[in-house]
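Here is the structure we will look at, set down as structure tokens.
Only the coordinates and a few stated rules stand behind these numbers; no lab work does. Values in this document were obtained by computation on a predicted structure and should not be read as measured data. Every residue, glycine among them, receives a Cβ derived from its backbone with ideal geometry; neighbour counts consider all protein chains shown.
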Amino acid sequence: MTDALLTFEESLAKFDPAMGLEVHVELNTNSKMFCGCPTEFGAEPNTRVCPTCPGLPGAMPVVNRVAVESAMRIGLALNCEIAEWCRFARKNYFYPDMPKNFQTSQYDEPIAFDGFMDVTVPIDGGGPR
Ligand SMILES: [Zn+2]
């Protein structure tokens, strides 16, 4: 057994490629995802924050209903199944501009899942150049 690399054709014959996308979208909601703070731009610094924004102890995030509805619409447009319920989780990591050191995110129980989008690819592999 060698550690030789497979050719492209050998790889296609041996594996069934599956790809996923992680897409970040800013929705046009009037308030933030987990609190009632406004999302409009142009305000004075630190005037659009509440105890939930930096994750202060005791702050209780509440999910934005309009954002969930938008996520469901996006899921339906992408042929996803829409979960009857879902869960948000804390993704802990340090990031200099996020003092709470966690991101509230979806991990294993998302709002929408198992979707697909057909993409037409020219046989010659061409496209915008
Ligand atoms: Zn807030």
For this session: Between T47 and M19, take the C-beta separation as r, use R0 = 41 Å, and let me know the FRET efficiency to the nearest 0.05.
Result: 0.45
Exercise. Which of the listed residues, T29, V62, P45, is farthest toward the dipole's positive end in the chain, when Lys, Arg count +1 and Asp, Glu count -1 at the beta-carbon?
Worked result: P45
For this session: State the extension gain, in nm to one decimal, for the chain segment bounded by E26 and Y93, taking 0.36 nm per residue of separation less the distance between their alpha-carbons.
Result: 22.0 nm
Exercise. Can you list the chymotrypsin sites (Phe, Trp or Tyr not before Pro) in region 73-129 that are in a DSSP coil and have 11 or fewer other beta carbons within 10 angstrom?
Worked result: W85, Y93, F94, Y107, F116
Exercise. Just L27, L78, L56 to compare: in a GNM of the chain, with alpha carbon springs under 10 Å, which one fluctuates most?
Worked result: L56
For this session: Determine the dipole magnitude for the chain: charges of +1 sit on the beta-carbon of Lys and Arg, -1 on that of Asp and Glu, nothing else is charged, the reference point is the Cα centre, and the result goes in debye to the nearest 20.
Result: 720 debye
Exercise. Listing C53, C37 from the residue with the fewest other Cβ atoms within 10 Å to the one with the most, what is the order?
Worked result: C37, C53
Seminar exercise, completed: Exposed-loop cut sites defined as GluC sites (Glu not before Pro) in DSSP loop states with at most 16 other Cβ within 10 angstrom; longest site-free run of the chain spans 85-129
Problem set entry | Theoretical gain in end-to-end length, R73 to S11 [0.36 nm per residue, Cα-Cα removed] | 18.7 nm
Problem set entry | Selected from M98, M33, M19 as most flexible by GNM, with the chain as the system and alpha-carbon contacts under 10 Å | M19
